[in-house]
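Read the structure below first, then the notes.
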Amino acid sequence: MTSQLATAFRLSLVELRNNRFAILLLALYLPAWYGIIYSLTDQASIGFKLRAFDVFVATSQHRLGLLTGMLNATTLIMGFVALSAVRRAALVDQRLVLCGFSRGALIFGRFAAFALASALVALYAVLVLWAFTPPQHPGVVLAGTFGAVLTYAAIGILVGVVTRGDLEGFFIIIMLSLVDTFLQNPIGNPAANRKVVEYFPSYLPMQIVAGGALGDYVAWWQFWGSLAWAAAVGVLGLVGFWRRTQIARRH
């Protein structure tokens, strides 16, 4: 079981490493996206409410725009990566199960690889952010970004096992990420201070990132809450993955 888990983990890392378009997108698009946001916003002050702490925070449009832009870009990229990896590996997974490979080892090995990839994407995003606006608590910002990226990796897995084609999956991830991160951004959405934003996946990550980058507001329960979001979606993806490989095994 341990050797199969390691094999699944290694295979998943190889598949992720071979997705050169995603690596190129992350390396070039993210800094360019930060630069566009920085050039289109100004130093005008903006106030918004950190609902998780029930306090109002004042900052510049530069800083807040970069934080929301970071979450928008990283969630989109990781959602696409997970979706693409799950769909490309579908036939391989079925053949492995037919050959006697443990479905549990296959599932947890792949999930562990996505978690590692999410951590690396979050780390890179925070390092690039540092070049534009150093956060006050980079470790807290990293934790919040990781929670958001891991959640969308789980969403990508779920969408990958329930949709029929790539186009449908890409559309779902794009629309969900755009709507989700837009609602959290007080610059473009006056309703960002309202209660409705609490029901979206990036709510807690945004609270963590904003609280850690702009002030000394840190509550680690928010980090565990964001991981709970990822775990809940991941369980649904796990059920779909299990069902897909179970059908292959029965045949």
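None of the figures in this text is laboratory data; all of them are computed from the coordinates on show. Worth saying up front: this structure is predicted, and the values here are computed from it rather than measured. Positions of Cβ are backbone-derived with ideal geometry, glycine not excepted, and every protein chain shown enters the neighbour counts.
The mean of 1/r over all distinct Cα pairs in the chain, once inverted, gives the Kirkwood hydrodynamic radius of 18.6 Å.
Applying the Kirkwood pairwise sum to the alpha-carbon positions of the range 1-130 produces a hydrodynamic radius of 17.0 angstrom. If the chain linking Glu198 and Val92 were pulled fully straight, counting 0.36 nm for each residue of separation and taking away their Cα-Cα distance, it would gain 34.3 nm.
Helix screen, the chain: DSSP H segments with Cα axial length of 20 Å or more and mean Kyte-Doolittle hydropathy at least -1.0 are 2-17, 61-88, 103-132, 138-162, 166-183, 220-250.
About its Cα centre, the dipole of the range 95-221 is roughly 340 debye, where the only charges are +1 on Lys and Arg Cβ and -1 on Asp and Glu Cβ.
With contacts taken as Cα pairs under 8 Å and at least 6 residues apart, the chain reaches a relative contact order of 26 percent.
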